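Have a look at the structure below, then the notes.
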Amino acid sequence: MSQSSKPETLALHAGWRADPATGAVAVPIYQTTSYQFNSAEHAANLFALKELGNIYTRIMNPTNDVLEKRITALEGGAAGLGLASGQSASAIAIQNLARVGDNVVSSTDLYGGTWNLFANTMKDQGVEVRFVDPSDPQNFARATDARTRAYYAETLPNPKLIAFPIAEVAAIGRPLGVPLIMDNTAAPLLVRPFDHGAAIIVYSSTKYLGGHGTSIGGLLIDGGNFPWEDFGERQPALNTPDPSYHGAVWAQAAKPLGPIAYILKARTTLLRDIGSAMSPFNAFLTLQGVETLPLRMERHCANALAVARFLRSRTEVETVIHPSQQSGWAGERAKKYLRGGQGGLVGFEIRGGSAAGRRFIDALKMFYHVANIGDARSLAIHPASTTHSQLSEHDQLATGVTQGYVRLSVGLEHIDDILADLDGALRSSAG
Ligand code: PLP
């Protein structure tokens, strides 16, 4: 495996050299449910976590393992866990720490699906998620009490596309024993949340990591940088005996294996029990995407910047939402955090509200109209009537979705073709 720390090299080499059995260079799809144990002792050691190794694909798989290692290397973390979807990654990220009666403080600026998970499903399960406005990092401190187990946010949340104050909020949580969990789905390689003090990273690999719109998947990455054992009262899930694993105290039990208590618990208890495993085939396809991620992110960012500038020049457009257009505190955050690029998403408020937004979407010829982001192809959607439609209008506004808002996920096509499609649809939107 390469010793390089450069993302272009890690994206191709981290976690893999060649198949030990066959010499295959491409990571094979280990399409197996189970693994032959060498002996009764070997099997017992694996189950007792005295040795790490393959037991059953619901909890680990060699193809998934390479993907987990590769993203962990790109993020500078300690260990990763592949999951069936980004939604599963967000759910397990919280369930791994919070129990009935506990709470989590989350940014309001979230993907609509995460909002629903937090506001409704988590609530039904007895975990309160307290939503706070991230424009003032101190809002996280104000909402914290003795039962707060984690902070949660997205690095570059749409629709607002304002970079989250990772270092500021991580610094509020650290002395209290509250880890910051960052969903980095929209900004892989552009921002490395662990460099700013985040403890855990969540990904929907469905988006830029896979990059080709083929596979739903999610990842959790443990930064290995959070001192769980120093906060026995604050973090009981990792510091009290776990009856589901012979009374293991995860902060202690993980020590011989490295600073991986959080991810080890997630894998050996939650993934074991809930079973939302990533399929090895999806891990394989996601790995194909990751190999070209550095190149793709560069082009996504360049094309999106060109689109933002183009939209700003148009009379049909009221406002353009892109980090390049921000000033004041939001502009400062973009400068501080988005050093690797400003992302592939562009939002805009079209003149004429919802009706104009729908006309625009219907007039696009090359952009796909889909509920996804981070595909190699350009995508567009009208969130108020789709991704955010299950939220009340009040909650939609709290997440930044207005009636005329259109979200673009700018792809890798030639910029002339992207702008030509937008030009045609804008002309049609005027009615
Ligand atoms: N996080 C973000 C920022 C997303 O955009 C999405 C999906 O759109 C998710 C999480 C959920 O991921 P998935 O669709 O893979 O479950």
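The values are calculated or read from the model by the stated rules, or taken from the named source; none is laboratory data. Keep in mind that this is a model prediction, so the values were computed, not measured. Note: ideal-geometry Cβ built from the backbone for every residue, glycine included; neighbour counts use all protein chains shown.
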Members of the range 347-367 that are more than 15 Å from the ligand (Cβ to nearest atom) and either in contact with a Phe, Trp or Tyr (Cβ under 6 Å, 6 or more places away or on another chain) or closer than 13 Å to Arg407 by Cβ (or both): Phe348, Glu349, Ile350, Gly357, Phe360, Ile361, Leu364, Phe367
Checking Gly431 against (1) free of Cβ contacts under 8 Å to residues at least 60 places away in the same chain; (2) over 23 Å from Arg299 (Cβ atoms), the condition it does not meet: (1)
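Rundown of residues vs (1) among the hydrophobic types (A, V, I, L, M, F, W, C); (2) without any contact (Cβ under 8 Å) to a residue 60 or more places away in the chain, yes/no style:
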| site | (1), (2) |
| --- | --- |
| Pro256 | no, yes |
| Tyr262 | no, no |
| Thr268 | no, no |
| Ser276 | no, no |
| Phe281 | yes, no |
Cβ-Cβ under 6 Å pairs, at least 6 apart or on other chains, the range 51-67 side over 15 Å from Leu264 (Cα atoms) and assigned by TED's automatic domain parsing to the domain that holds Ser279, far side of a type in the set (D, E, K, R) and surrounded by fewer than 16 Cβ atoms within 10 Å (Cβ to Cβ): none
Test: residue in the range 348-361 that is buried (at least 20 other Cβ atoms within 10 Å of the Cβ) and part of a loop (DSSP other than H, G, I, E, B): no
Residue count, the range 109-162 (criterion: away from the ligand (no atom under 16 Å from the Cβ) and within 23 Å of Phe348 (Cβ to Cβ)): 2
Some residue of the range 268-285 being buried (at least 20 other Cβ atoms within 10 Å of the Cβ) and among the β-branched types (Val, Ile, Thr): yes
Filter result (touching an Asp or Glu at 6+ places or on another chain (Cβ under 8 Å), assigned to a loop (DSSP other than H, G, I, E, B) and surrounded by fewer than 23 Cβ atoms within 10 Å (Cβ to Cβ)) within the range 368-398: Arg377
Filter pass, Leu295 being over 25 Å from Gly53 (Cβ atoms) and not in a loop (DSSP other than H, G, I, E, B): yes
One residue from Glu332, Glu291, Glu316 being of a type in the set (Asp, Glu) and touching a strand residue (DSSP E or B) at 6+ places or on another chain (Cβ under 8 Å): Glu316
All positions within the range 144-180 that are part of a loop (DSSP other than H, G, I, E, B) and polar (S, T, N, Q): Thr144, Thr155, Asn158
Test: residue in the range 179-187 that is surrounded by 24 or more Cβ atoms within 10 Å (Cβ to Cβ) and of a type in the set (S, T, N, Q): yes
